[in-house]
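This report refers to the structure that appears directly beneath it.
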Amino acid sequence: MYSATPTSLDFSVWTEGQTQRVLYDCAWRPAGSQYRECVRAVSAQLTTAPSTATGAIVIDRVLNGTSADPSSPVFTYTPNSTAPTYVAVHLAFPSSAGQKPGYKYHVVLDDAAYLPNLETQ
């Protein structure tokens with residue numbers, strides 16, 4: 001793991017015979033939007049983080065960290081973000097998909113993963 005914050009996760013994966021560096025950044029807010037977006041960027045260059053400018057939007061209309069859900073992190077780490085062995089993901093979305101006035105509740109997706117083979121980067 002290279003870095004871990006409440007809104008981003010930067011790590012390496014072994015896939016298709018090579019190591020790649022993957023960054024998920026869920027802090028980006030498009031101009032004029034009340035929501036955030038999660039961007040996934042990948043690079044074979046392991047010494048620097050991939051650029052979100054070349055990444056792809058993988059999740060849009062995220063409420064985490066906005067005025068609608070201000071204190072909800074996307075990522076949480078156990079025991080801590082410096083040396084995590086467990087990563088939890090929590091995403092909140094508007095039920096109306098943000099297209100028009102609708103229901104006032106949020107749709108929430110939660111998942112997590114243990115990191116049994118985590119190496120020091």
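Of the strands (runs of 3 or more DSSP E) lying entirely inside the stretch 32-87, not one carries at least 1 residues that are at positive phi, in contact (Cβ under 8 Å) with a residue 24 or more places away in the chain and acidic (D, E).
L9 passes every criterion in (1) buried (at least 18 other Cβ atoms within 10 Å of the Cβ); (2) in contact with a Gly (Cβ under 9 Å, 6 or more places away or on another chain); (3) more than 18 Å from V108 (Cβ to Cβ); (4) not hydroxyl-bearing (S, T, Y) apart from (2). The single condition from (1) over 16 Å from F11 (Cα atoms); (2) under 16 Å from the mean Cα position of the chain (by Cα); (3) part of a strand (DSSP E or B); (4) at pLDDT below 95 that D111 fails is (4). Applying the selection to the stretch 74-90, what residues are among the aliphatic types (A, V, I, L, M) and modelled with pLDDT of 95 or more? Residues satisfying the conditions are V74, V87, A88, V89.
From the list A4, A31, A53, which one is among the small types (G, A, S) and touching a Ser or Thr at 6+ places or on another chain (Cβ under 6 Å)?
A4
Within the stretch 24-31, the presence of a residue that is touching a Pro at 6+ places or on another chain (Cβ under 7 Å) and buried (at least 17 other Cβ atoms within 10 Å of the Cβ) is excluded. Among the residues making up the stretch 33-58, a single one is within 11 Å of the chain's Cα centre (by Cα), surrounded by fewer than 17 Cβ atoms within 10 Å (Cβ to Cβ) and more than 24 Å from T19 (Cβ to Cβ): I57. Within the stretch 1-31, restricting attention to residues that are outside any strand (DSSP E or B), without any contact (Cβ under 8 Å) to a residue 40 or more places away in the chain and within 17 Å of L63 (Cβ to Cβ), the residue that is nearest to the chain's Cα centre (by Cα) is R29.
The values are calculated or read from the model by the stated rules, or taken from the named source; none is laboratory data. All figures in this text were calculated on a predicted structure; none of them were measured in a lab. Cβ atoms come from the backbone with ideal geometry, glycine included; neighbour counts cover every protein chain shown.
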